[in-house]
1. Looking at region 170-191 only, could you name the residues that are within 21 Å of I80 (Cβ to Cβ) and either in contact with a His (Cβ under 9 Å, 6 or more places away or on another chain) or among the hydrophobic types (A, V, I, L, M, F, W, C) (or both)?
2. Looking at (1) of a type outside the set (V, I, T); (2) touching a strand residue (DSSP E or B) at 6+ places or on another chain (Cβ under 8 Å); (3) open to solvent by 10 Å² or more (accessible area, probe 1.4 Å), find the lone condition where E146 falls short.
3. Just give me the residues in region 219-239 being of a type in the set (D, E) and open to solvent by less than 10 Å² (accessible area, probe 1.4 Å), in sequence order.
4. Quick test for you: out of A140, A116, A112, pick the one residue that is within 24 Å of L268 (Cβ to Cβ), hydrophobic (A, V, I, L, M, F, W, C) and in a loop (DSSP other than H, G, I, E, B).
5. For residues that are part of a helix (DSSP H, G or I) and touching a helix residue (DSSP H, G or I) at 6+ places or on another chain (Cβ under 9 Å), scanning just region 199-218, find the one that is most open to solvent (accessible area, probe 1.4 Å).
6. Let me confirm something: among L48, L72, L82, which residue is open to solvent by 70 Å² or more (accessible area, probe 1.4 Å), closer than 30 Å to T170 by Cα and assigned to a loop (DSSP other than H, G, I, E, B)?
7. Could you please let me know if A167 is open to solvent by 20 Å² or more (accessible area, probe 1.4 Å) and farther than 14 Å from N231 by Cβ?
8. So, L245, is that one over 17 Å from the mean Cα position of the chain (by Cα) and farther than 15 Å from G118 by Cβ or not?
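The values are calculated or read from the model by the stated rules, or taken from the named source; none is laboratory data. The structure displayed is predicted, hence computed values, not measured ones. As a convention, Cβ positions derive from the backbone with ideal geometry for all residues, glycine included, and neighbour counts pool all protein chains shown. Ligands, DNA and RNA are excluded from the accessible area calculation, which covers all protein heavy atoms including side chains. Shrake-Rupley method; radii C 1.70, N 1.55, O 1.52, S 1.80 Å.
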Amino acid sequence: MGPPLVYHPAYAVPLPSGHRFPMQKFRLLKERLEQLELARPGQIHQPLPAPRRWLEQVHGRRYHEAFSRGLLSPQEVRRIGLPVSEPLVRRSWLAVGGTLLTARLALRHGLACHLAGGTHHAFPLHGSGFCIFNDCAVAARVLLAEGLVRQVLVVDLDVHQGDGTAAIFTGDPRVFTFSMHAASNFPLHKQTGDLDLALEDGVRDDAYLRTLERTLPDLLDQVRPDLVLYNAGVDPHRDDRLGRLELSDDGLHRRDRLVIDAALRRHLPVATVIGGGYDDLAALVERHTLVVRAADALARIHGTGRELSCPVTDGPCPGQA
């Protein structure tokens, strides 16, 4: 069996006709993985909503209560870019719980994949760019607070800088943020992460992968994280409506294999999230399968799936809080 997958049917919520966020991709991704026999019975784990105490490791109560009660200002809602509804509120709390569950499963088994997540533009007191809560930031903070990890590395290869994540962990040496993104793309005002590689428009597969290969292995050796949180956004693709880079499907797949393999070779647990992507649904869903395809193949090569001990306590790592 391949790596654990995390998914909830409530991830896909109704949006107004013509809205550019591809909300149905989450449901279609799970169905496509089942067709490919990459999502098998017993492999899919369903998360619970994140409790308030977890969310407040990152997000202020005034913000999350205003969002959940429909009390954000019109300006705050425009900044997020999604119309607030009861299904969206439920989905947002569930997705944070999903990334934390994925991280726990990665600590337990060595590798796990979330079929959502990567909302890296969310800041502690406001959302932005289709991102409401910062799921990877919450997961890192909760695991650190619980003493399950001492050091986390965020590898963010979405085409847009993970500005919210960088801002959240400024001055926190326990979480190292690495973002490789298109320099001229959203957000206009970049944050300063621990390592930012801003690429010129039009970078293609070979140049992109050479840059990543020169950077990531040494970074893993230097940071020596107890957990890698990997944002495998597919918007660096050449056909992406909101991207500025020129990667092919093969380039994205090689990228995902490079990241996961580099971590597993060092016996570092990896939790993946799917990040952004904006194209026709069929093509987009196929791209989002690539990280799961890579994870499935590498899990077999590296023999993940066995019960691992917690890197901090040497005891068993929990799969669900």
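1. S179, H181, N185, F186, P187, L188, K190 - these are the residues of region 170-191 that are within 21 Å of I80 (Cβ to Cβ) and either in contact with a His (Cβ under 9 Å, 6 or more places away or on another chain) or among the hydrophobic types (A, V, I, L, M, F, W, C) (or both).
2. (2)
3. D235
4. Selected residue: A116, the only one of A140, A116, A112 that is within 24 Å of L268 (Cβ to Cβ), hydrophobic (A, V, I, L, M, F, W, C) and in a loop (DSSP other than H, G, I, E, B).
5. Of everything passing the filter in region 199-218, E213 is most open to solvent (accessible area, probe 1.4 Å).
6. Matching residue, one of L48, L72, L82: L48.
7. yes
8. yes
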